[in-house]
Structures are given as structure tokens and as C-alpha cells.
Amino acid sequence: MKPSDYSEVEDWYKSILDSLTAKSLLFENNKKITHIYKTVFHGFSARLASQQVQELKKRPEIVGVIQDRKRHIQITRSPGFLGLTTATKTRINDLRQKSNYGSNVIIGVLDTGIWPEGKSFQDHGLDPIPSRWKGECVGGEDFPKSLCNKKLIGARYFGSEELSNISARDHHGHGTHTSSTIAGHTVNNASFLGFANGEASGMAEKARLAVYKVCWNGGYCMESDILAGLDKAVEDGVDVISISLGSGRSEPYFLDPIAIGSFGAMEKGVFVSAAAGNSGFRAETVANVAPWMITVGASTIDRKFPADVVLEDGTTITGSSLYNGKQLPNKTYFPLIYAGSTCMYGSLDQKLIHGKIVVCDRGDIGCVDKGIVVKKAGGVGMIVANTESSGEGLIADAHLFPGLAITLSAREKVLNYINSTKNPRATMVFHKTQLGAKPAPVVAVFSSRGPNPQSIYIVKPDVIAPGVDILAAWTNDSSPSGCLEDTRRSEFNIISGTSMSCPHVSGLAALLKAAHLDWSPAMIKSALMTTAYTQDEDRNPLLDEKDLNQTNIWAMGAGHVDPQKALDPGLVYDLTAEDYIDFLCASSYSLDHIQMITRRSVNCSLSKIENPWDLNYPIISFAFDDSKSSNSEGLVTRTVTHVSETASTYKVTIINPEGVSVTVDPEELEFEEKGERQSYKVKISIKEMVVTDDKVTSTVGKLVWTDGKHNVTSPIVVTWTELA
């Protein structure tokens with residue numbers, strides 16, 4: 001707490017820095033405060049030498065010191081795929097209609113800024129800006145305040161003084177893409193180079209956008225800037241915050257500025273959506289894992305951009321590409337060669353490559369760059385072949401040169417043909433846009449996976465949403481491929497990543513917030529999770545691009561979001577800030593560490609729960625120590641809130657995890673009125689341990705509460721681990 005001697009916290013913080021005796025030989029602006037945090041976090045950021053940091057840690061008024069680190073961005077058809085298009089607008093309970101397309105909801109986007117002149121950010125037909133808005137449009141270089149309107153109602157930027165092009169203008173494209181995905185105005189006849197032509201709109205097309213530029217050249221974002229953006233967004237009065245940023249790894253909550261800032265946001269009633277990360281299918285790679293935010297993985301939609309490799313023996317292998325240039329001569333086959341590498345700059349022998357189609361392994365440099373390398377070496381076409389890390393996943397790239405991508409299994413076919421044929425030859429055929437592709441959705445191979453490294457009892461990601469080959473608005477300052485040789489400019493671009501799936505959920509949360517003004521962030525999150533689906537439209541289990549086998553809970557969480565069902569979930573699992581504090585206490589966080597997250601002193605002896613698995617989370621996760629008896633039992637408590645208008649009686653159905661018996665008490669819940677809360681207990685009994693070679697062995701079932709109209713689903717995850 002600020003001493004009474006100081007009228008402002010700024011003066012107190014400055015006096016603390018001025019009192020440090022250690023000197024810095026590295027920074028001219030040493031001990032200068034760069035940010036002061038007042039809303040979601042209490043403290044400041046400054047550039048300090050290591051000796052000064054050690055000195056600061058010894059000060060009694062300092063609860064903790066966190067090193068500033070870089071984070072990175074996690075780089076049309078999707079509204080229709082999610083059931084939000086014109087064809088569904090006749091439904092009585094249509095989410096977009098009931099929420100008025102999110103008209104009065106304000107969404108804060110922490111990203112690379114925005115290209116405000118884009119058609120997606122026009123404000124035609126919008127009502128006046130909500131009167132509760134307290135933010136502003138901060139002008140800057142090439143960004144006058146007049147560029148804001150009733151759609152783009154706020155713009156701020158956070159970065160060091162050494163940066164160039166200081167304003168909220170997006171020179172990268174990522175922030176423009178995510179912002180338009182969330183709340184872009186409807187644009188007719190939108191496309192990227194003729195691909196994905198149609199109507200483009202954001203999830204909540206009438207919602208208001210407030211942009212907080214925290215990421216700069218190269219897509220890097222300092223955590224001190226991210227926290228400053230979070231702090232100001234909540235102060236400005238946003239309802240939803242979208243964060244398509246990640247670090248590639250998770251940290252304890254008290255060392256994670258996004259976790260800290262999002263706790264303060266949640267406490268103010270702000271819903272926070274974050275990208276799960278693009279670290280691929282290795283276990284425990286998921287980022288942004290705090291339980292008070294929703295963590296979003298990526299999946300495909302039913303749209304593809306096919307391109308074929310046609311071998312001279314008649315075999316056709318379909319890959320993916322956004323190449324729209326001149327086709328190769330019809331029915332002309334060219335020599336086919338495997339480069340034996342990732343086709344880095346300067347790595348190819350022109351004598352070997354000239355006049356050939358070249359197969360390059362994925363990795364090291366961008367796929368479009370590989371095509372440029374092959375072209376400079378005299379090649380006529382390029383095939384990017386997936387390796388083990390990319391499996392059966394396909395991402396379409398906007399090649400400047402005839403190029404396409406193929407899967408790992410297709411790579412094996414092509415290489416077998418090359419190795420078994422005296423004069424291997426092939427050609428390439430490029431198509432346009434394919435709709436109705438099956439199966440869909442499929443979990444994206446790049447989407448980061450659980451288990452949650454910080455707590456086995458909080459399953460992450462929470463849900464998956466469209467994140468592969470997504471069409472949305474783009475900046476005019478960057479080419480669609482990002483290559484220096486690419487001089488093309490486009491109002492829209494097609495890119496992939498959990499950066500694209502996160503804004504889908506941010507927009508859906510805005511719609512749910514507008515439709516249910518009294519719902520807390522936890523209630524919105526619960527509605528999205530308990531109504532998510534785990535089967536495709538043909539009622540087959542969702543697959544994984546890793547190998548096209550059935551996916552699992554560590555990849556998809558509760559499943560794929562279903563916004564129409566989330567509008568009326570029946571029951572929800574609600575949580576307050578105090579519940580999360582009790583969870584931290586039960587998770588054995590120290591009082592100092594809890595204070596770093598919550599901005600207050602706490603007394604864990606007053607906690608309402610003794611066990612971390614009793615946090616009222618929509619997914620039930622329980623862990624057993626595998627060194628204990630196979631007859632172990634566990635008890636989990638949950639509380640549901642009735643959010644329907646009419647009285648209902650819910651009965652439970654259980655699908656037991658393998659080797660586990662689950663019972664629920666009571667088996668029936670009766671609700672007389674909206675807002676009524678009832679609790680139930682879940683007894684988990686081990687019948688037979690499931691043994692695998694994995695570090696963490698899990699088995700999954702589910703319980704479903706149903707009243708005949710609503711199906712409220714909670715996955716049950718039982719884990720055996722020595723770390724339990």
C-alpha cells in the first residue's frame with residue numbers, strides 16, 4: 001500500500017528507484033519508469049541492471065520482481081461453419097439476432113495494431129458509441145485521431161521510445177486480421193487473390209473495437225507492454241479482451257504477466273480469450289493456461305484450397321496452395337527431384353535444379369521463401385513436403401512461384417516414386433476454392449497441447465475453434481506472404497494459427513455477453529465448454545491432423561465451440577475471484593505469490609475448498625499417484641447454476657473412463673427458478689489401472705446433465721502420474 005507521504009504512486013515508485021545505489025553500465029535511461037500499472041496489477045516496469053534487481057528484491061515493500069520477456073504473435077467461411085450465417089438467421093434463438101450482433105459490446109484487442117482504412121472497420125449503420133466508454137483514440141505517426149469511428153472507438157500503443165513508426169497503425173497485418181475476425185463489418189465479394197470469395201464478416205460484426213498495439217517489428221511483444229495494454233483496456237471499459245500472443249511455454253501464474261493481468265480483468269467482469277500457442281502436438285506445450293481465461297486451440301473448417309501433384313505414372317496427390325499465377329503447361333511433365341533439404345537460401349545447385357520440380361522439406365524458412373530459392377536456382381515448381389513435426393496437416397501459402405504443400409504420408413509416396421523410378425517426372429495443377437470438405441473440423445497439427453504444465457486439474461486448451469486458412473482483413477503495409485520479394489498488396493489475407501482461433505472465441509464471447517448481460521466471464525466460458533462438440537457432422541469422433549486418428553482431450557479440451565447451443569446452455573458452472581484465490585491456496589501457492597496475482601493479502605485458512613480439483617471448472621480432472629493402491633478413490637464437488645427461464649429437472653448420464661467407475665450424488669437435480677444453484681458430488685473409483693509408456697497416463701469419460709432439451713456435458717479426466 002502506498003505510504004501516506006506520497007500523494008501519487010508515481011512519486012512513490014520513483015523514490016524507490018532513486019534510492020537504489022547500484023549503477024548500470026548498460027542503459028542510459030536506467031531507472032526510468034516505462035509503465036505504471038493501476039487497474040489489473042499494482043506496480044511499475046523499468047530497465048534495471050541485475051545488481052539493481054537484487055537490491056530491489058530486498059526492499060520490504062516489494063512483493064516480487066518479474067523479468068520482462070518477449071512473447072510472439074501466434075500466427076468469411078468460419079461464421080458459416082459455426083452456424084452464424086444468413087441461413088441460420090430465421091432461428092428464433094439465433095445468437096447474432098438476440099445479441100444484436102454484439103452492438104453494445106466493446107472488445108479490446110492486444111496485437112500489432114490495426115489498418116483503420118480497411119472496409120472491415122467502417123461504421124455504417126452502427127449506433128452511437130456506448131456512453132460507458134472511457135478510452136480514447138491516441139493519435140501517432142500516420143494515424144490521426146480522425147481515423148477512429150463508431151466501429152474503431154479506441155486506439156493506443158505501448159512500446160519503448162527507441163521504436164520507429166510509433167502509432168497504433170498495423171505494419172505487420174496480424175492485428176488487422178484478428179480484429180476483423182472478431183468484429184469486422186460485413187464486406188461483400190471479399191477474397192484473397194480470388195480465393196475464398198464471398199461475404200466476409202466478423203463474429204460480432206456490430207461490436208466495437210478498441211485496439212492496443214503491444215507488438216512491434218517482427219511480431220515480438222514485450223510482457224511489460226502487454227500488461228500495460230491489459231491494464232489500460234480494463235480501465236477504458238472493455239467487456240472482452242482478445243490476446244493472440246504466446247511464449248511457447250507456460251510459467252507459474254505469479255510469473256506470467258498475462259495470467260496476472262487477466263486475473264484483474266476477470267475480477268472487473270471482463271472476459272479474456274487467449275491463444276493456446278502453435279508449438280505443435282508435443283505434450284505440455286500449451287500456453288496461457290490460467291483457469292480464469294479461456295484458452296483456445298485451433299481446428300480446420302470445411303474449406304480447402306486444393307492443388308495436385310500429378311506423377312507421370314498417373315498418380316495424383318492432392319496438396320494445398322494459394323498460388324494464382326500462370327499454370328504449368330497442360331499435360332507437360334517435368335523432371336522431379338528431391339532436394340534432400342529445407343531449401344535454404346544458397347543451398348541448391350543450379351545445375352541439378354534447372355528445369356525441374358523440386359521437393360523441399362518443410363522447416364527453417366517460410367514456404368514462400370523456399371519457392372523463391374527454387375526459382376532463383378532455375379526450377380519450374382516447388383513442393384513443400386511435411387516432416388514428422390507437421391504430420392498430415394496442410395496450410396495453404398500464397399506462393400509467388402508454382403508451389404504447393406503435401407502431407408507426411410504424401411511425402412513418402414513422392415519420395416518412393418522418385419527413388420524407384422529411373423526418370424521421375426511430374427506436373428502440378430492448381431485449383432481454386434473447395435467448400436464442403438470432409439472431415440471437418442480436424443484439430444490443427446500446430447495447435448499446442450496439454451496437459452497443463454501448471455496444474456493437472458485445469459485442462460487446457462479449454463476449447464478449439466477455426467484457425468486454419470482463415471480469410472480476414474490485412475494491412476496495406478505488408479505483403480500477404482511477408483517475403484521481401486513479394487510486392488503484392490491485398491485487402492484480405494488467408495493465414496493460420498491459434499491467433500486465428502482465439503478471435504473467433506473472443507467474438508462469440510461478445511455475442512454471449514450482449515445476449516446475457518448478467519453473465520460473468522466464468523458463465524460465458526462454461527456455456528462455450530459444456531455445449532462444445534466432439535463429433536463431426538457425420539457423427540464420427542473428431543480427428544487430429546497429426547496422423548488423422550481420433551484426437552484427445554489434451555488437443556481439443558471440451559471440444560469444438562457450438563455458439564448456437566452456447567446461447568442457451570441450461571446450466572453453467574460459475575466462478576468468482578474468491579473461488580480462484582481458494583484454488584491458488586489449495587494448489588499450495590505461497591501467500592506472496594498469491595498477492596502478486598491478486599493485488600491483495602489473503603488468508604488461506606478461510607478457503608472454501610481444500611483440494612485444487614474442487615475448483616468449479618466445467619471439466620472434471622482428477623489425478624492419482626500411481627505409486628498408490630489401484631483401489632484408490634476420489635471425491636469431486638461441483639455446483640451448477642440454472643440459467644433457463646423455466647423450471648427443469650436434470651438427470652445425469654455417465655460414460656465411465658476406462659478402468660474407472662464414476663457415480664454421481666444426487667443423480668437428479670430439480671430447479672424451480674432462474675439463478676438457482678445446486679451442488680453434486682462425483683465419486684471416482686479406480687477398478688483397474690491403465691498402463692502406457694507415457695509420462696502421464698489418462699483416461700477420459702464424461703457426465704451429461706440433461707432435461708430433454710439441454711445437454712450439459714463435462715468431460716471427466718482421470719490421470720495417473722507421480723506428479724499428482
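Kindly rank 546-553, 261-268 from highest to lowest mean number of other beta carbons found within 10 Å of each residue.
On the way: 546-553: 17.8, 261-268: 24.8.
With the highest mean Cβ count within 10 Å placed first, the list reads 261-268, 546-553.
In whole angstrom, how far apart do the alpha carbon centroids of segment 30-69 and segment 258-302 sit?
Spelled out, the Cα-based centre of one part sits 26 Å from the other.
What is the percent of Cα-Cα separations in segment 185-278 that go past 20 Å? Let's see the in-between values first.
Values: 2089 of 4371 pairs.
Cα-Cα pairs of segment 185-278 separated by over 20 Å account for 48 percent.
Give the percent of DSSP beta bridges with both residues in the chain that are antiparallel, rounded to the nearest 5. Show your work: numbers first, answer last.
Values: 74 of 122 bridges.
The antiparallel proportion sits near 60 percent.
Could you tell me whether segment 563-668 comes out rounded, prolate or oblate from its Cα gyration tensor? Rule is a ≥ b ≥ c as square roots of the eigenvalues, rounded for a/c under 1.5, then prolate if a/b exceeds b/c, otherwise oblate. Walk me through the numbers on the way to the answer.
Numbers: a/c = 2.48, a/b = 1.19, b/c = 2.08.
Here segment 563-668 falls in the oblate category.
Please express the shape of segment 256-301 as an equivalent ellipsoid: the semi-axes are the square roots of 5 times the eigenvalues of the C-alpha gyration tensor, given largest first in whole angstrom.
Values: eigenvalues 101, 31, 8 Å².
Working from the Cα gyration tensor, I get semi-axes of 22, 12, 6 Å.
Pairs Lys565/Lys608; Lys14/Lys58; Lys38/Lys460; Lys525/Lys702; Lys326/Lys546: which exceed 24 Å Cα-Cα?
Values: Lys565/Lys608 32 Å; Lys14/Lys58 17 Å; Lys38/Lys460 29 Å; Lys525/Lys702 18 Å; Lys326/Lys546 32 Å.
As for pairs spanning more than 24 Å Cα to Cα, those are Lys565/Lys608; Lys38/Lys460; Lys326/Lys546.
Could you list, bin by bin from short to long, the percent of Cα-Cα pairs of segment 432-480 in 5 Å steps?
Distribution as computed: 4, 13, 17, 16, 15, 13, 11, 7, 3 percent.
Given a Förster distance of 25 Å, report the FRET efficiency between Asp625 and Cys604 from their Cβ-Cβ distance, rounded to the nearest 0.05. Kindly include the intermediate steps, with their values, before the conclusion.
Details: r = 23 Å, r/R0 = 0.92.
FRET efficiency, Asp625 to Cys604: 0.60.
Tabulate in residue order the Karplus-calculated ³J(HN,Hα) for segment 275-282, using 6.51 cos²θ - 1.76 cosθ + 1.60 with θ = phi - 60°, rounded to whole Hz; enter x for Gly and Pro.
6, 6, x, 10, 8, x, 8, 5
What lysines could a cross-link reach from Lys351, if we take a straight Cα to Cα line under 20 Å and drop same-chain neighbours fewer than 8 places away?
Lys370, Lys375, Lys376, Lys422
Given all pairs of different Cα atoms, what value in angstroms does the Kirkwood hydrodynamic radius of segment 97-190 take?
On the way: mean 1/r = 0.0710 Å⁻¹.
So the Kirkwood estimate lands at 14.1 Å.
Per the chain: cysteines with no other Cys C-beta under 4.7 angstrom?
Within the chain, the cysteines lacking a partner Cβ under 4.7 Å are Cys367, Cys483, Cys502.
For His124 and Lys268 in one chain, what is 0.36 nm times their gap in residues minus the Cα-Cα distance, to one decimal in nm?
Length difference between fully extended and current span is 48.8 nm.
Rounded to whole Å, give me the distance from the Cα center of segment 702-716 to that of segment 368-385.
Cα centroid to Cα centroid, the span is 52 Å.
Order the following by accessible area, largest value first: His560, His431. Probe radius 1.4 Å; ligands, DNA and RNA are ignored.
Details: His560 0, His431 75 Å².
So, going from the largest accessible area down, we get His431, His560.
What ranking do 697-708, 654-665, 58-69, 206-217 get when scored by the average of other Cβ atoms within 10 Å per residue, highest first? Kindly include the intermediate steps, with their values, before the conclusion.
Values: 697-708: 18.5, 654-665: 16.4, 58-69: 12.3, 206-217: 27.2.
Final packing ranking: 206-217, 697-708, 654-665, 58-69.
Net charge around Ser607, counting only other residues with Cβ within less than 12 Å of its Cβ (Lys, Arg = +1; Asp, Glu = -1)?
Details: positive: Lys608; negative: Glu578, Asp579, Asp582, Glu610, Asp614.
The answer is -4.
May I have the extent of the alpha carbons of segment 319-368 along their three principal axes, as whole Å values ordered from largest to smallest?
Principal extents (largest minus smallest coordinate, Cα): 31, 26, 16 Å.
Which one, Ala207, Ala426, Pro715, is farthest towards the positive end of the dipole of the chain when Lys and Arg carry +1 and Asp and Glu -1 on their Cβ?
Value: Ala426.
Which of the GluC sites (Glu not before Pro) found in segment 380-480 are in a DSSP loop and have at most 14 neighbouring Cβ atoms, other than their own, within 10 Å?
On the way: sites: Glu388, Glu392, Glu412; in loops: Glu388, Glu392.
For GluC sites (Glu not before Pro) across segment 380-480 that sit outside H, G, I, E and B with at most 14 neighbouring Cβ atoms in 10 Å, the list reads Glu388.
Taking all protein chains in place and a 1.4 Å probe, what share, in percent, of the accessible surface of segment 474-562 do carbon and sulfur account for? Intermediate values should be presented prior to the final figure.
Values: 1300 of 2940 Å².
Here it works out to 44 percent.
In Å³ and rounded to a whole number, note down the convex hull volume per residue for the Cα atoms of the chain. Walk me through the numbers on the way to the answer.
Numbers: hull volume 128.1 nm³, N = 724.
Hull volume normalised by residue count: 177 Å³.
Which of the peptides 368-376, 183-191, 491-499 is most tightly packed, and how do the rest follow, judged by the mean count of other Cβ atoms within 10 Å per residue?
Details: 368-376: 23.7, 183-191: 20.2, 491-499: 26.2.
Packing order, densest peptide first, comes out as 491-499, 368-376, 183-191.
Leaving out ligands and nucleic acids, and using a 1.4 Å probe, what accessible area per residue does the chain come to in Å²?
On the way: 28830 Å² over 724 residues.
Result: 40 Å² of accessible area for each residue.
Hey, got a sec? Which trypsin sites (Lys or Arg not before Pro) in segment 287-363 land in a DSSP loop and have at most 16 other Cβ atoms within 10 Å?
Working: sites: Arg303, Lys304, Lys326, Lys331, Lys351, Lys356, Arg362; in loops: Lys326, Lys331, Lys356, Arg362.
Listed in order of number, the matching sites are Lys326, Lys331.
Need the C-alpha centroid separation for segment 132-166 versus segment 171-222, integer Å.
Computed from Cα coordinates, the inter-centre distance equals 17 Å.
Bin width 5 Å, alpha-carbon pairs only: give the P(r) of segment 423-538 as whole percents, running from 0 to the bin holding the largest distance.
In whole percents, the pair-distance histogram is 2, 8, 12, 15, 17, 15, 12, 9, 5, 2, 1, 1, 0, 0.
Could you pull out every residue, at least 5 positions away or on a different chain, whose amide H is within less than 5 Å of the one on Gly108? Hs are placed 1.01 Å off N in the peptide plane, and Pro or chain starts have none.
So Gly108 has HN proximity to Ala210, Asp239, Val240, Ile241, Ser242.
Under a crude label model (7 Å from the Cα following the beta-carbon direction), how far is Lys422 from Gln550 in nanometres?
Spacing of the two 7 Å Cα→Cβ label points: 4.9 nm.
Quick one: which residues, 5 or more positions from Ser299 or on another chain, have an amide H under 5 Å from its amide H? H modelled 1.01 Å from N in the peptide plane, none for Pro or chain starts.
Long-range HN contacts for Ser299: Ala444, Ala465, Gly467, Val468.
Once you keep just the Cα pairs under 8 angstrom separated by 6 or more residues, what percentage relative contact order results for segment 131-263? Please report the intermediate quantities before stating the final value.
Numbers: 185 pairs, mean separation 32.7, N = 133.
Here the relative contact order equals 25 percent.
Would you mind computing Rg(Cα) / (2.2 N^0.38 Å) for segment 412-460, counting N as its residues? Provide the component values of the computation, followed by the final result.
Details: Rg = 20.2 Å, N = 49, 2.2 N^0.38 = 9.7 Å.
The reported ratio for this selection is 2.10.
The values are calculated or read from the model by the stated rules, or taken from the named source; none is laboratory data. On a predicted model such as this, the values are computed, not experimentally measured, just so you know. No Cβ is skipped: glycine too gets one built from the backbone with ideal geometry, and neighbour counts run over all protein chains shown. Keep in mind that these areas ignore ligands, DNA and RNA; they rest on the heavy atoms of the full protein, side chains included. Shrake-Rupley method; radii C 1.70, N 1.55, O 1.52, S 1.80 Å.
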